[in-house]
Amino acid sequence: MGKFLKFEKMITPIFIQIFFWLGFIGSIISGFGMIGYGIISSSGGFIEVLIGLFSLFIGPIIIRVYCEMLIVLFKMQGALIDIRDSLDEPKGIEQENEAV
């Protein structure tokens, strides 16, 4: 709980995963919606179907890449905290040895 209150433990990666799944589902639904609208449309239907296919196949990939970039930032932050903690530990041991 102390790491959470000191902002050393991040909860944002969980929200990023939720955002990914919502975006994934939204992209699939909007892709099918655009394809369906393009099929029943009297004008410009071919363009709607192409945009729907683009949203259906490329949309989830774009959302995945964006979320992965965000998660990499948080993993870098976690690695920096680990490095900081590992550098602090030997310093504490050296100070104890000097005191004796």
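The values are calculated or read from the model by the stated rules, or taken from the named source; none is laboratory data. For clarity, every value in this text was computed on a predicted model and none was experimentally measured. Cβ atoms come from the backbone with ideal geometry, glycine included; neighbour counts cover every protein chain shown.
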The number of residues in the range 4-47 that are over 16 Å from ILE61 (Cβ atoms) and either in contact with a Pro (Cβ under 7 Å, 6 or more places away or on another chain) or of a type in the set (Lys, Arg) (or both) is 2
Those residues of the range 17-70 which are of a type in the set (S, T, N, Q) and not in a helix (DSSP H, G or I) amount to SER41, SER42, SER43
Filtering the range 14-33 down to residues that are touching a residue at least 40 places away in the same chain (Cβ under 8 Å) and surrounded by 15 or more Cβ atoms within 10 Å (Cβ to Cβ) yields ILE16, PHE19, PHE20, GLY23, PHE24
Reported set for the range 34-53 where residues are modelled with pLDDT of 90 or more and surrounded by 14 or more Cβ atoms within 10 Å (Cβ to Cβ) is MET34, ILE35, TYR37, GLY38, GLU48, VAL49, ILE51, GLY52, LEU53
Just one listed residue, out of GLY38, GLY2, is under 30 Å from ILE81 (Cα atoms) and either of a type outside the set (Lys, Arg) or touching a Phe, Trp or Tyr at 6+ places or on another chain (Cβ under 6 Å) (or both), and it is GLY2
Of the residues in the range 54-69 that are loosely packed, with under 15 Cβ neighbours inside 10 Å and closer than 30 Å to PHE4 by Cβ, the one that is nearest to the chain's Cα centre (by Cα) is GLU68
Considering the range 1-12, residues that are loosely packed, with under 15 Cβ neighbours inside 10 Å and touching a residue at least 12 places away in the same chain (Cβ under 8 Å), and then whichever is farthest from ILE71 (Cα to Cα), we arrive at GLU8
- Item | Test: LEU87 is within 21 Å of PHE7 (Cβ to Cβ), assigned to a helix (DSSP H, G or I), out of contact with any Gly (no Cβ under 8 Å at 6 or more places or on another chain) and not β-branched (Val, Ile, Thr) | yes
Flagged pairs (Cβ under 6 angstrom, 6 or more apart or on separate chains; first in the range 73-86, modelled with pLDDT of 85 or more; second exposed (fewer than 10 other Cβ atoms within 10 Å of the Cβ) and part of a helix (DSSP H, G or I)) are none
